[in-house]
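Undergrad: For reference, the structure I am asking about is given below.
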Amino acid sequence: MERKPPPKPSLWARIGEAVSSLTRAEGLAGIFERTPPERSVAFTIAIIALGAKLSKADGQVTRDEVSAFRSVFQIPPGEEANAARVFDMARTDVAGFDAYARKIADMFGRGDPMLQDLLEGLFSIAMADGEYHENEDAFLAEVARIFGIEDLHFRSVRAAFVPGAPLDPWSVLELEPGTDLKIVKARWRDLVREAHPDKAMARGLPPEAIKLAEERVVALNEAWAQIESAAKQSAL
């Protein structure tokens, strides 16, 4: 009888192994410099590390912000320790968030779609307490700049995640208001296809964080629905 391969260690166990491999002199940034073996591990450590820095951007670390990781990741019982270990290492590290962001950008390569996934995850964490502080906006704008993410895309993500952001559905689809409806529809389809959870996982987004892709698809669909509805109303 053919033997089944042993079960693969959980994402959080693999993260624990990556952290345990660090020397005392390296600190958490050492993981970004030597690149973890899997993109999903790299992504998760990166978002926890930057999320820990972001949680202090508004001057305080709240329970909502700490628990925000559960809104981004599915953390099984018994695995909290590995996630908390990375969070605490980043929170107490004297290195600034910009230093982390540069190392993460170098690790993935500027322009990598995973960096856009990271930005969206950070927005979810920023909104965990129901407020969007100006210091958080400055933090995320600088991270986006370091990642090489265009300002138009940054504003698109902000419009999708921040209620009351001073932008409309056109910004979510990264189009100018009044763009021909056929072009809008094609753009919406392309963005939904790119954001689809299956494609997100194919590029390395861990299944434990697939909610990020689902939220992006919802935001895109809502933007298209609003634009289409307005176009129908104006045609009456």
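The values are calculated or read from the model by the stated rules, or taken from the named source; none is laboratory data. The model shown is predicted, which means the values in this text are computed figures rather than measured ones. Note that each Cβ is placed from the backbone with ideal geometry, even for glycine, and that neighbours are counted across all protein chains shown. Surface accessibility is based on the protein's heavy atoms, side chains included, excluding ligands, DNA and RNA. Shrake-Rupley method; radii C 1.70, N 1.55, O 1.52, S 1.80 Å.
Undergrad: Inspect the stretch 221-228 for any residue being crowded, with 16+ Cβ neighbours inside 10 Å and within 21 Å of the chain's Cα centre (by Cα) and give the result as yes or no.
TA: Yes, because at least one residue in the stretch 221-228 is crowded, with 16+ Cβ neighbours inside 10 Å and within 21 Å of the chain's Cα centre (by Cα).
Undergrad: On to the next question. Identify all residues within the stretch 68-91 that are within 16 Å of the chain's Cα centre (by Cα) and among the basic types (Lys, Arg); write none if there are none.
TA: 70
Undergrad: I'm checking my understanding of the structure. Among residues of the stretch 125-140 that are surrounded by 20 or more Cβ atoms within 10 Å (Cβ to Cβ), in contact with an Asp or Glu (Cβ under 7 Å, 6 or more places away or on another chain) and of a type outside the set (Asp, Glu), which one is nearest to residue 211 (Cα to Cα)?
TA: 125
Undergrad: How many residues does the stretch 103-147 contain that are within 20 Å of residue 205 (Cα to Cα) and of a type in the set (Lys, Arg)?
TA: 2
Undergrad: Could you give every pair whose Cβ atoms fall below 6 Å, whose first residue belongs to the stretch 190-215 and is touching a residue at least 12 places away in the same chain (Cβ under 8 Å) and within 17 Å of residue 119 (Cβ to Cβ), and whose second residue is open to solvent by less than 60 Å² (accessible area, probe 1.4 Å) and not in a helix (DSSP H, G or I), counting only separations of at least 6 or pairs across chains?
TA: Every condition considered, the pairs that remain are 209/73.
Undergrad: To continue, here is another question. Where residues in the stretch 178-195 are at pLDDT below 90 and part of a helix (DSSP H, G or I), which of them is surrounded by the fewest Cβ atoms within 10 Å (Cβ to Cβ)?
TA: The qualifying residue surrounded by the fewest Cβ atoms within 10 Å (Cβ to Cβ) is 194.
Undergrad: Sticking with this one: Read through the list (1) surrounded by 15 or more Cβ atoms within 10 Å (Cβ to Cβ); (2) within 18 Å of residue 213 (Cβ to Cβ), then give the number of the only condition that residue 143 fails.
TA: (2)
Undergrad: Taking into account only those residues within the stretch 26-55 that are at pLDDT 75 or above and in a loop (DSSP other than H, G, I, E, B), which is surrounded by the fewest Cβ atoms within 10 Å (Cβ to Cβ)?
TA: Ranking the qualifying residues of the stretch 26-55, first place goes to 26.
Undergrad: Additional query: Exactly one of these conditions fails for residue 153: (1) surrounded by 14 or more Cβ atoms within 10 Å (Cβ to Cβ); (2) at pLDDT below 90; (3) over 27 Å from residue 48 (Cα atoms). Give me its number.
TA: Status for residue 153: all satisfied but (3).
Undergrad: What is the residue count in the stretch 85-111 for residues that are crowded, with 18+ Cβ neighbours inside 10 Å and either modelled with pLDDT of 85 or more or more than 13 Å from residue 54 (Cβ to Cβ) (or both)?
TA: Residues meeting the conditions: 10.
Undergrad: Okay, moving on. When only residues in the stretch 161-173 that are closer than 19 Å to residue 230 by Cα and at pLDDT 80 or above count, which is surrounded by the fewest Cβ atoms within 10 Å (Cβ to Cβ)?
TA: Applying the filter and picking the extreme gives 170.
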